[in-house]
Amino acid sequence: MEKVKINASQMFVLVVLFEMGSAILVGLGTGAKQDAWISILFGLSGGLLVFVIYYRLYLYYPDLPLTNYMQIIIGKWLGRVIGVLYIIYFCYCAARVLRDFGELLTTTIYTDTPLFIINSLMILTIIYGIHKGFEVIARVGQLYFGIIYIMAITGFLLIIFSGLIHMDYLKPILENGWKPVIKTFLGETITFPFGEMIVFTMFLPYIKEPKKIKLVCMGGMILSGINIMITTVINIATIGTELFTRSNFPLLTTVGKIQLANFIERLDVLFMLYLVIGGFFKISLFTYAAVTGAADLFRFTSHQKLSYPIGLLILFASVTIASTYAEHITEGLMIVPIYLHWPFQIIIPSALLVIAFFRNRKKKSDQTAN
């Protein structure tokens, strides 16, 4: 494992940037329609409970990443096999997010630029960041954190002063009962983005102040969850439920409607700048987790050697993962949560925690007996 240390504030920033990443880009919770914000709150609550599982595993093995302590809990060979599956999972998630941001740019600004070129530029920047190290990525996160919030507050105020918000669009609340909300919560919002905190099981040993990990990570999740919920409410209240559920990028549609004093308009560039920053950090952390996990499993002395092959694998996967963006979104909403997110984010970590609990209790009993 790379010998680096970051402070609590840097970890907090990374959690917020990671969680908000692509969740702001797509219409989260559209299955619940105007009640999407309720399903997001449910997802945040469930995500916090899931993070407790990751945190308890960390307490048992505070100096080891997921791919390492997995071998201790369930045995060397089975642990390595599942560890490899986690590396593939992190690569797949990175490829999905990279495809999201590539599609956004090619369908809005760079309409004549091939998707492969846009994704290549992003992944090369990420590989460069990985070569510089985790501490550098954390410091860059701190630098951009303030910039992002200034842009977000500015955009929020402009939307209000433009008179675009119609709170009636949020009514009637629970028009179709709790079923769509619960279905969206279980099938989407608990796993995306909150369950994706599984990636931080690879980074928790890097923090200088272990006692602050729970507060920092859960605080970052709560802040990002509130931000995502507010964004969703603004999107629905501005463009209406129908357009919110049909739009590929609801926030872009919302920002495009800003028009103030007959000269403040076309602020799409601020939206794009934020999303490129958020996308960079989300893809970087998934890629970094895959690289460090592979280095740990296959005993590489330097993780930098793996950044290029894994980066190229993610780039290739991002352009071949689906033939169209519609297929990509359908796959992400219908297939990935059930067959990938739930097993890797919830089922396997829960099983590991149960086994670790009994293993450590037995160890304590043996020590007491001796």
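The values are calculated or read from the model by the stated rules, or taken from the named source; none is laboratory data. Quick caveat: nothing in here was measured; it's all calculated off a predicted structure. Counting neighbours? That spans all protein chains shown, and the Cβs are built from the backbone with ideal geometry, glycine included. These accessible areas exclude ligands, DNA and RNA; they are computed on the full protein's heavy atoms, side chains included. Shrake-Rupley method; radii C 1.70, N 1.55, O 1.52, S 1.80 Å.
Return a yes/no flag: does the stretch 227-237 have any residue that is under 16 Å from the mean Cα position of the chain (by Cα) and of a type in the set (A, V, I, L, M, F, W, C).
Yes, because at least one residue in the stretch 227-237 is under 16 Å from the mean Cα position of the chain (by Cα) and of a type in the set (A, V, I, L, M, F, W, C).
So which residues in the stretch 175-223 are of a type in the set (Gly, Ala, Ser) and closer than 12 Å to residue 51 by Cβ, if there are any at all?
Result: 195, 219, 220.
Across the stretch 253-270, what is the total count of residues that are open to solvent by less than 10 Å² (accessible area, probe 1.4 Å) and under 23 Å from residue 139 (Cα atoms)?
Summing the residues that are open to solvent by less than 10 Å² (accessible area, probe 1.4 Å) and under 23 Å from residue 139 (Cα atoms) in the stretch 253-270 gives 0.
Please verify whether the stretch 46-68 includes one or more residues that are within 21 Å of residue 140 (Cα to Cα), in contact (Cβ under 8 Å) with a residue 12 or more places away in the chain and under 16 Å from the mean Cα position of the chain (by Cα).
Looking through the stretch 46-68, none of the residues is within 21 Å of residue 140 (Cα to Cα), in contact (Cβ under 8 Å) with a residue 12 or more places away in the chain and under 16 Å from the mean Cα position of the chain (by Cα).
If we scan the stretch 255-269, do we find a residue that is of a type outside the set (Gly, Ala, Ser) and under 25 Å from residue 77 (Cα atoms)?
No, every residue in the stretch 255-269 fails to be of a type outside the set (Gly, Ala, Ser) and under 25 Å from residue 77 (Cα atoms).
Which of the residues spanning the stretch 150-162 are open to solvent by 60 Å² or more (accessible area, probe 1.4 Å) and out of contact with any helix residue (DSSP H, G or I) (no Cβ under 8 Å at 6 or more places or on another chain)?
Those that are open to solvent by 60 Å² or more (accessible area, probe 1.4 Å) and out of contact with any helix residue (DSSP H, G or I) (no Cβ under 8 Å at 6 or more places or on another chain): 150, 153, 157, 160, 161.
Has the stretch 91-99 got at least one residue that is without any contact (Cβ under 8 Å) to a residue 12 or more places away in the chain and out of contact with any His (no Cβ under 6 Å at 6 or more places or on another chain)?
Looking through the stretch 91-99, none of the residues is without any contact (Cβ under 8 Å) to a residue 12 or more places away in the chain and out of contact with any His (no Cβ under 6 Å at 6 or more places or on another chain).
Tell me the residue from 248, 235, 227 that is assigned to a loop (DSSP other than H, G, I, E, B) and polar (S, T, N, Q), please.
248
Residue under question is residue 122, and the condition is that it be more than 20 Å from the chain's Cα centre (by Cα) and either assigned to a helix (DSSP H, G or I) or of a type in the set (Val, Ile, Thr) (or both); does it hold?
no
If I filter the stretch 258-281 for residues that are in contact with a Pro (Cβ under 9 Å, 6 or more places away or on another chain), in a helix (DSSP H, G or I) and over 26 Å from residue 59 (Cβ atoms), do I get at least one hit?
Scanning the stretch 258-281, I find no residue that is in contact with a Pro (Cβ under 9 Å, 6 or more places away or on another chain), in a helix (DSSP H, G or I) and over 26 Å from residue 59 (Cβ atoms), so the answer is no.
I'm trying to understand the selection: among the residues of the stretch 1-31, which are under 18 Å from residue 246 (Cα atoms) and assigned to a loop (DSSP other than H, G, I, E, B)?
If the condition is that a residue be under 18 Å from residue 246 (Cα atoms) and assigned to a loop (DSSP other than H, G, I, E, B), then 22, 23, 24, 25, 26, 27, 28, 29 are the ones that fit.
Quick one: residue 109 ticks every box in (1) within 28 Å of residue 277 (Cβ to Cβ); (2) among the aliphatic types (A, V, I, L, M); (3) at pLDDT 95 or above bar one, so which box is it?
Failed condition: (3).
One line per residue, one yes/no per condition, for (1) over 17 Å from the mean Cα position of the chain (by Cα); (2) surrounded by fewer than 20 Cβ atoms within 10 Å (Cβ to Cβ); (3) assigned to a helix (DSSP H, G or I); (4) of a type in the set (Phe, Trp, Tyr):
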site: 284; (1), (2), (3), (4): no, no, yes, no
site: 287; (1), (2), (3), (4): no, no, yes, no
site: 309; (1), (2), (3), (4): yes, yes, yes, no
site: 323; (1), (2), (3), (4): yes, yes, no, no
